[in-house]
């Protein structure tokens, strides 16, 4: 009888450890507790121990929507920024997530602390876009788009927006500036 009790306690402990690891896991269809079809109306219950701050910014060019939802831990650490979108039933769902906490990482170990070398060793980069202060990598297989700090690039690539940038042009030590997931 005591072996069964120990077995059940062991299973419960293992299950709680897995959930804790999943809190900051990024997959193709989830970011921590958020799934790609999570309704915005559920954010308060999903992050009941954290702070959910809804705001709207006019003139933001990086989002189709001006509505943003910021998620903070009770300690004040900002976890993520969510941009909602509408699904097929016209329900507001999580569409884009900007990761702001380096504890969030993919199964492959990619996080805000990763470098370009880490990214190219783990994923196929489908497209690279050149912007004013960063270059954006699009990784379709994982619904990721990652902005890298352009200051790490050779001088000839930093200011010329018309110049296309190839994988070979990006130094391995280039750091992540922004880390985002898009489910549109």
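If you check every pair at least six apart or on different chains, which have Cβ atoms under 8 Å apart with a residue in the stretch 157-181 that is in a strand (DSSP E or B) first and a residue that is surrounded by fewer than 17 Cβ atoms within 10 Å (Cβ to Cβ) and at pLDDT below 90 second?
Taking only residues 6 or more apart or on different chains, the pairs are 177/133.
Pairs under 6 Å by beta carbon, first residue assigned to a loop (DSSP other than H, G, I, E, B) in the stretch 57-77, partner loosely packed, with under 12 Cβ neighbours inside 10 Å and modelled with pLDDT under 55, six or more apart or different chains?
As it stands, the answer is 66/58, since those pairs meet every condition given.
Which of the residues that make up the stretch 86-107 are modelled with pLDDT of 95 or more, under 16 Å from residue 35 (Cβ atoms) and assigned to a loop (DSSP other than H, G, I, E, B)?
104, the sole residue that qualifies.
Please name all residue pairs, on different chains or six or more residues apart, with Cβ atoms under 7 Å, provided the first residue is in the stretch 25-38 and is in contact (Cβ under 8 Å) with a residue 12 or more places away in the chain and at positive phi and the second residue is surrounded by 15 or more Cβ atoms within 10 Å (Cβ to Cβ) and part of a strand (DSSP E or B).
Sorted first by the residue in the stretch 25-38, then by its partner, the pairs are 32/25.
Looking for something surrounded by fewer than 11 Cβ atoms within 10 Å (Cβ to Cβ), part of a strand (DSSP E or B) and at pLDDT below 95 - is there at least one such residue anywhere in the stretch 9-25?
No, the stretch 9-25 contains no residue that is surrounded by fewer than 11 Cβ atoms within 10 Å (Cβ to Cβ), part of a strand (DSSP E or B) and at pLDDT below 95.
Looking at (1) in contact with a strand residue (DSSP E or B) (Cβ under 7 Å, 6 or more places away or on another chain); (2) surrounded by fewer than 19 Cβ atoms within 10 Å (Cβ to Cβ); (3) within 22 Å of residue 44 (Cα to Cα), can you tell me which one residue 161 breaks?
(3)
Taking the options 57, 63, 72, name whichever one is modelled with pLDDT under 90 and surrounded by 15 or more Cβ atoms within 10 Å (Cβ to Cβ).
63
Being surrounded by 17 or more Cβ atoms within 10 Å (Cβ to Cβ) and outside any loop (DSSP other than H, G, I, E, B) is the filter here; which residues of the stretch 121-135 pass it?
If the condition is that a residue be surrounded by 17 or more Cβ atoms within 10 Å (Cβ to Cβ) and outside any loop (DSSP other than H, G, I, E, B), then 130, 134, 135 are the ones that fit.
The values are calculated or read from the model by the stated rules, or taken from the named source; none is laboratory data. Since the structure is predicted, the reported quantities are computational estimates derived from the model, not experimental observations. Because the Cβ atoms are built from the backbone with ideal geometry, glycine has one as well, and the counts that use them run over all protein chains shown.
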